[in-house]
Amino acid sequence: MADFPKTLDREKAHTMLTAIKTIYDGAGIPFYLAFGTLLGAMREQDFIEHDADIDIFVMGKDIDRSVAVDKEFKQYGLSCGGTGAVLTSSGRRLQAQVVGPREEYGSLKADIYSLFLFRGVYWYVRRISRGIGIHKCPVPLEDLDHMCEYAMPFHPRHFSAPAYATLHGAKYLVPFNSEELLDGLWGGGGQWKVPGRGQMGINLLTVYFRLGEIQDEHNITVQAGALEGV
């Protein structure tokens, strides 16, 4: 097993995520563990100590509400929304971030990613146009600009039914059939089960689905259509 330097304090991460869960549960905002945090839950039932942050998904319709409860976050000594907010040029929110006092949490943060449903596929839309496995964005955001043109697709079956996993002794909502999702992210064949194997960002389009509008694996052209933040 590879030996990685420890960059994440599990207890502090647990404290921050517990606060997020308490606040979002109270506000009726469902969220899912994502990326490295999901990987930790499924592989180690804990945070990965060589991870850098906490990752969660919310649905697009809830991203603004997830920030509107900043007053509740302040009761826990945390802040949500301002730092690390990702907006399009006209101010549409794509991503938010929860942070705490540096003297208490250091550089730890929780990234909140929004998922938009378009033509039957959930898309995590990125503002920064780089990354392995990130594809030309087909989502017709009316205010899309050159800094917001890439996206990562997720099959809707992962959000079709509730599923749960244990992380640091607490139960959290996770994408349905997370093993398949992680196979898609880390290269298939269960590579995600072994630290240091695979690379996040494998071609999810190939792993999950084929759409008639997709011309090839790396250049997506989709006809304009309605965007649903659900």
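Residues that are in contact with a Gly (Cβ under 8 Å, 6 or more places away or on another chain) and part of a helix (DSSP H, G or I) within the stretch 32-48 are absent altogether. Restricting the search to the stretch 71-93, which residues are at pLDDT 75 or above, on the phi < 0 side of the Ramachandran plot and part of a loop (DSSP other than H, G, I, E, B)? If the condition is that a residue be at pLDDT 75 or above, on the phi < 0 side of the Ramachandran plot and part of a loop (DSSP other than H, G, I, E, B), then Gln75, Tyr76, Leu78 are the ones that fit. Take the residues in the stretch 40-56 that are at pLDDT below 95 and among the aliphatic types (A, V, I, L, M), then tell me which one is nearest to Glu180 (Cα to Cα). Taking the candidates together, the pick is Ile48. The residues on offer are Ile63, Ile29, and the sole one that is of a type in the set (A, V, I, L, M), outside any helix (DSSP H, G or I) and either crowded, with 17+ Cβ neighbours inside 10 Å or modelled with pLDDT of 95 or more (or both) is Ile29.
Of all the residues in the stretch 164-179, those that are under 17 Å from the mean Cα position of the chain (by Cα) and either modelled with pLDDT under 90 or surrounded by fewer than 15 Cβ atoms within 10 Å (Cβ to Cβ) (or both) number 2.
Asp51: acidic (Asp, Glu), without any contact (Cβ under 8 Å) to a residue 60 or more places away in the chain and not in a loop (DSSP other than H, G, I, E, B), yes or no? Judged against the criteria, Asp51 is not a match.
The values are calculated or read from the model by the stated rules, or taken from the named source; none is laboratory data. Just so it is clear, the structure is predicted and the values come from calculations on it, not from any experiment. Reconstructed Cβ throughout: ideal geometry from the backbone, glycine too, with neighbour counts over all protein chains shown.
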